[in-house]
Each structure stands twice: as structure tokens, then as C-alpha cells.
Amino acid sequence: MNSVPLWNNAINKNDQKCMSKLVRKLQQLAATTPETPAVIGTDVVLDWKAMHTAVGALASNLGSTSTLGLHLHNSPAWIIADLAAIQAGIRNIPLPTFFSNEQLLHAITDGRIDTLITNDPDRISAITKVSNYKDITIAGRQLTRLQLENSHDKTLNNDKVTYTSGTTGTPRGVVLPLDHIETVAQSLADASAATGNDRALALLPLSTLLENIGSVYVPIFAGAQIIVPDPIETGLLGSSHIDVQAFRVMLNKYCPTTMILPPQLLKLVCGLAAQQQLPDSLRCLAVGGAPVGATLLQQAESLDLPVYQGYGLSEACSVLTVNTPEERRSGSVGKPLSHVNIRIADDGEIYAGGTIFQGYLNTAEHSAEELATGDRGYIDNDGFLFITGRKKNTIITDYGRNMAPEWLESELQ
């Protein structure tokens, strides 16, 4: 068996300080299955030993960083940089490439990012001051490491800040402790019956918290392969255009067992299934991120697609409930994950307890043990949660009936 060296003492101390389960699992996989493929990209494949080596090398060079920003398209390099921040014990802020320049600058400034790794240095330098540029190579990808003129904060914990634009357009930084994120990932791995035989395909931007947890951290805990093609290979171009032929070819090339789908991609997958153009490898298609129409779910079921709807929000580390192969109910968003407590208030609002955020960045800390989700719903006699709509969106008709517009919107879409 090949031996895998641990890194220098400083890195080991950071590992012990943050007690990261992900770091320990990565070390274990590198030691026990060093030559097994771990991450598969468009032009590179890394086994667990190579992945561990790359993460450790980058982590050892982040010693002067307090907050790392990632402004990258999907690739194995994104995953390496993300895990390196965890191993180095520093704050990590993924920056969506689909943010406008105004949103991007707000997140960089609000998050006090002092080091940024990007594949688009020109865009970053056009909106903020850069004090130093350095070309770096991560997993075969040529990138740029930028030092920004933001003040350092060495009192930060090893956490992640995910920026959500909400309905106002101004992103808010949701502060999530690492141990909460790892708890969600482990619960999801258990609920989805993930194994080392899985091949998890990342389609959505990895800066999206759900994709980051579900398609990177869950496979690591399961010892499964992570498939992360370049966006152009997936056929997903921008936020609304899809190259259907490229998408079909990509699916049949990589033969994934699991992937996360928003409703629009589920509609495409249903279309391919109806034409018998899907690989026979699919085991678990998690759908969420937006209301899913009952008609679309019924179509997926009629095509025997393994579709499982879930529910969550960033402030609760992304996922609260999910249908599973063992326990599923049509129309519901599943049962709570093992660490989650769900309560329905007298007015129907859903309250969640478990892995709750610490608050929005640079605002008052969220100290309550429960999170008011703003959604309304009910739990049936078997423990399945059903969402009926947003509390603030309630429409009262002339006949005094309270209605939620979300169901109509999902069907129209």
C-alpha cells in the first residue's frame, strides 16, 4: 500500500484546530484507495492521492490569507481550492460568476476578501484594486491568484459565506460554520444511500451552496467519484440557454448515477428519457432550488425516473428535508434529515432547527435555535413535509380565501 505523507506541522495543527471531517476523510481515501479516480474533469482526472496532494500544496500556501474568494467556472481546480481553504482553516467565499459587477464588488468588499483565485483576473481588476498578481496552476488549470486591498481579519473561524441575492438584488452573506455544513453533507450521504460506486455529476455552478454540498462533499464522505465537466461541455450556456445535443452527449459520456436538477433541467431530462436517450446509470435525481410543478413530477414518475424532491434554504445549510429511495411521497418535499427538527407554527409557517446559520455577514448574529423559513406548509401523519407557499405571498380573494401563488407559477413554468 502506498503511504501518503501528512503535510507540515502547521497544516496538521490547522487540521486538528478545525477538526474537519472532510479533511480527515480525504486523508483516509488517499491512504486506502490512492489510485482510485476521485475527480473527473473535461481534460483531467485526479485520483484520491493526487487530489490530497493538490489540496495540501495549495493549503500550505494560504498561510497569510484570512478570507479566500473563489471566482471560477466549474472544474476540478474549483474543488481543490475549496478544500484547501478548509484544510488551511480560513474563511472561504465562493463568488458566483453570474453575479453582476455591482453584486460581485459588493461581495468582495462586504466579505473583506484579501486573496482571490480566479480564471478572469481582468474582470476583478476592473472593479476593485489589486495589489499583486500571481499565475498559479491547479489541477492542470492556469489561474491567477490576486491579493486585494482589503484588511485582514485573523480572528475568523473556519467557515463559509454564501452570498444570496434574494429578491432585492443586493447579495447578503450567509455565514455557515464548517461543522454545520459537514453535518448536512453526512446526513445527505446517509439519506441518499450514497456509496463508493456513485458518480456524482456537478451541473450547477459550484458556487451554489446546494451543488457544493451535494455534488462535492457528499461524494467525498461516500468515497464516490465527482464528475465536474467544463460548463461548455455540459451544454449549459449562461443562465437560460441549453445546448440539448451537447447535454445529451455529456450525460452518455460520463454515465452519472446522481445529479442535482432544477425544474427546467428536469424537464429536459424527461424529454430525453421519453426519447430513450439517457444512460441507464441514473440512480438518484435530486430536484429542488425552485417550486416544482406537480405535472412535471408526474411526468418524471411515468418515465420511471428516480426523482426525489427536497427542500431547504441557505440559512439552514441548504437542505432540510428530502425524499429518498426508501421513503418518498408524491407532492411532498420529503422527511427532515436526521439532524433537523421541523415545527409548524399556528399560522402555518415552517420553523427549522438543527444546522442554522450564524447570521448575515456584518449584521447582528442569529442566536435563535430555530429559523423562521418564511414558508408555509404542513406535515402529514407519516412525517412528510408539504409546502403550500410563501407566507408573505398570500393572496386574499374577494371571497376571503387565502391562496398561495407558487403552485400556479410552478405549473405555468
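The values are calculated or read from the model by the stated rules, or taken from the named source; none is laboratory data. What you see is a predicted model; the values in this text were computed from it and never measured. Because the Cβ atoms are built from the backbone with ideal geometry, glycine has one as well, and the counts that use them run over all protein chains shown. Please note that ligands, DNA and RNA were not included when accessible areas were found on the heavy atoms of the full protein model with its side chains. Shrake-Rupley method; radii C 1.70, N 1.55, O 1.52, S 1.80 Å.
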*Sites excluded, trypsin sites (Lys or Arg not before Pro) in DSSP loops with at most 15 other C-beta within 10 Å, longest stretch of the chain*: 155-400
*How big is the charge dipole of the chain about its Cα centre, in debye rounded to the nearest 20, if each Lys and Arg gets +1 on its Cβ and each Asp and Glu gets -1 on its Cβ?*
720
*Two-site label geometry, GLN277 and ASP179: point separation in nm, points 7 Å out along Cα→Cβ*: 4.9
*For the range 99-104, in order, what is each residue's ³J(HN,Hα) by Karplus, 6.51 cos²θ - 1.76 cosθ + 1.60 with θ = phi - 60°, in whole Hz (x at glycine and Pro)?*
5, 5, 4, 5, 5, 5
*Placed amide H near ARG390: partners under 5 Å, 5+ positions off or other chain*: ARG376, GLU406
_Estimated distance in nm for a label pair at LYS267 and ASN132, the labels positioned 7 Å out from Cα along Cα-to-Cβ_ = 4.9
*Which whole-number percent gives the relative contact order of the chain, counting Cα pairs below 8 Å spaced six or more residues apart?*
12
_Spin-label proximity, ASP190 to the range 239-261 - amide N less than 14 Å from point 7 Å beyond Cα toward beta carbon_ = none
*Figure the gain on full extension for HIS366 and ASN157 (residue separation times 0.36 nm, minus the Cα-Cα span) and round it to one decimal in nm.*
73.6 nm
*Using the beta-carbon distance between SER125 and HIS241 and R0 = 22 Å, what value does 1/(1 + (r/R0)^6) give for FRET efficiency, to the nearest 0.05?*
0.20
*With a 1.4 Å probe and every protein chain kept in, tell me what percent of the accessible surface of the chain is carbon plus sulfur.*
50
_Cβ-based charge dipole, the chain, positive-most Cα from ILE350, SER64, MET259_ = SER64
*Under a point spin-label approximation (7 Å from Cα along Cα-to-Cβ), what is the GLU327-ASN101 distance to one decimal in nm?*
5.1
*Please calculate the 1.4 Å probe accessible area of HIS73, with all protein chains present, and give it to the nearest 10 Å².*
90
*Where the only charges are on Cβ atoms (+1 Lys, Arg; -1 Asp, Glu), what is the dipole of the range 21-123 about its Cα centre, to the nearest 20 debye?*
460
_Less than 10 Å Cβ to Cβ from PRO37, Lys/Arg counted +1 and Asp/Glu -1: what total charge do the surrounding residues give?_
-1
*Can you pull a Stokes-Einstein diffusion coefficient for the range 271-319 at 37 °C (0.692 mPa s), Rh from Kirkwood over Cα pairs, as a whole number of µm²/s?*
270
*Relative to the Cα centre, what is the charge dipole magnitude of the range 105-157, using +1 at the beta carbon of each Lys and Arg, -1 at the beta carbon of each Asp and Glu, and rounding to the nearest 20 debye?*
120
*What does the charge count near LEU268 come to, summing +1 for each Lys or Arg and -1 for each Asp or Glu among other residues with Cβ under 12 Å from its Cβ?*
+1
*Share, in percent, of DSSP beta bridges within the chain that are antiparallel, nearest 5*: 65
*asked:* With just the Cα atoms defining each centre, how far is the range 34-100 from the range 165-243? Give it in Å.
replied: 14
*Taking H placed 1.01 Å from N in the peptide plane, check which residues at least 5 places from ASP230 or on another chain put their amide H under 5 Å from its amide H.*
THR42
*Report ³J(HN,Hα) in whole Hz for each residue of the range 339-349, in order, from the Karplus equation J = 6.51 cos²θ - 1.76 cosθ + 1.60 where θ = phi - 60°; Gly and Pro get x.*
9, 9, 10, 10, 10, 9, 6, 4, 8, x, 6
*Name the long-range amide H neighbours of TYR163: under 5 Å, sequence gap of 5 or more, or other chain; modelled H, no Pro or chain starts.*
VAL174
*Solvent accessible area, Å² - THR53, 1.4 Å probe, full protein context*: 60
*So, counting K/R as plus one and D/E as minus one, what does the shell of residues with Cβ under 15 Å around LEU282 add up to?*
0
*Accessible area in square angstrom per residue, the chain, 1.4 angstrom probe*: 45
